[in-house]
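The structure appears below as structure tokens.
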Amino acid sequence: MESRVKPGFNGVSGASDSRRGYTGGAAADGCKQPVDSCSVALRVFILAATLVAAVLMGVDRQTSTVQVTIADTLPPLQVPVTTKWSYATAFVYFVVANAMACVFSAVSLAACHSRSAVAPLMIGDLVVLALLFSAVGAAAEFGILGERGNAHVRWGKVCHVYNKFCERAMAAVIVSLIAAFTNLVHLMLAILDIHKNSSYY
């Protein structure tokens, strides 16, 4: 009597099929396999977007003149004050996270032909996804604080003084957020493709 148990659950017969799609089509007998053009395009976009976000934030600085009043009887002093991204730990984390995501995207493009790289790439994509969303959240929160201030702790808003600095930081956060959602879509498509091509299912 023919067995109705589908192969692949224990990874004996379906291991190669379950690895289809994430780095390309079905794996060949050798160590290389064809690459899915959609996956490559998404990885290239993530690489470019994270690079742009890291550069935008990494070069962000502005010098503005602030009036400082020493005494009511004296005219206010015009003091030039410079702000830059490295003064805020949230922005430093943002730059580092996007730089790491960019480097990982470049490495994943170079390793996408290897069958043995399927599992490390998927784990790396999950780590990059967490890094990008956490970095976007941290930078966005700090940006909102600079835009609106916080009356409860008497923190004044500063974006009306450093408007160009805040605009560039906002642009970097938006680009990084797009990269994060692109990475999420790429990971979801990869999981669905592995599920669809698994012989167990």
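Side notes on the structure shown:
Let's see how each residue does on (1) modelled with pLDDT of 50 or more; (2) under 23 Å from residue 178 (Cβ atoms); (3) of a type in the set (A, V, I, L, M, F, W, C); (4) part of a helix (DSSP H, G or I):
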| site | (1), (2), (3), (4) |
| --- | --- |
| 43 | yes, yes, no, yes |
| 55 | yes, yes, yes, yes |
| 66 | yes, no, yes, no |
| 70 | yes, no, yes, no |
| 79 | yes, no, yes, no |
| 86 | yes, no, no, yes |
| 90 | yes, yes, yes, yes |
| 103 | yes, yes, yes, yes |
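To keep it simple, each residue is scored yes or no on (1) among the aliphatic types (A, V, I, L, M); (2) open to solvent by 30 Å² or more (accessible area, probe 1.4 Å).
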{"residue": "44", "(1), (2)": "yes, yes"}
{"residue": "50", "(1), (2)": "no, no"}
{"residue": "55", "(1), (2)": "yes, yes"}
{"residue": "59", "(1), (2)": "yes, yes"}
{"residue": "66", "(1), (2)": "yes, yes"}
{"residue": "70", "(1), (2)": "yes, yes"}
{"residue": "74", "(1), (2)": "yes, yes"}
{"residue": "78", "(1), (2)": "no, yes"}
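- Taking (1) open to solvent by 40 Å² or more (accessible area, probe 1.4 Å); (2) touching a Gly at 6+ places or on another chain (Cβ under 9 Å) in turn, residue 166 satisfies each apart from (1).
- Among the residues of the range 142-183, those identified as free of Cβ contacts under 8 Å to residues at least 60 places away in the same chain and more than 30 Å from residue 78 (Cα to Cα) are 174, 177, 180, 181.
- Apart from one condition, residue 121 fits all of (1) within 26 Å of residue 41 (Cα to Cα); (2) open to solvent by less than 40 Å² (accessible area, probe 1.4 Å); (3) at pLDDT 90 or above; the exception is (3).
- Filtered residue count, the range 82-102, keeping only those that are farther than 19 Å from residue 142 by Cα and open to solvent by less than 50 Å² (accessible area, probe 1.4 Å): 3
- The set of residues from the range 128-152 being open to solvent by 60 Å² or more (accessible area, probe 1.4 Å) and touching a helix residue (DSSP H, G or I) at 6+ places or on another chain (Cβ under 8 Å) comprises 133, 141, 142, 147.
- Assessment of the range 155-165 against the conditions (in a helix (DSSP H, G or I) and modelled with pLDDT of 90 or more) yields at least one matching residue.
The values are calculated or read from the model by the stated rules, or taken from the named source; none is laboratory data. Quantities reported herein were computed from a predicted structural model and do not represent experimental measurements. Neighbour counts run over all protein chains shown; Cβ positions are idealised from the backbone, glycine included. Protein only, heavy atoms only, side chains kept; ligands, DNA and RNA dropped before computing areas. Shrake-Rupley method; radii C 1.70, N 1.55, O 1.52, S 1.80 Å.
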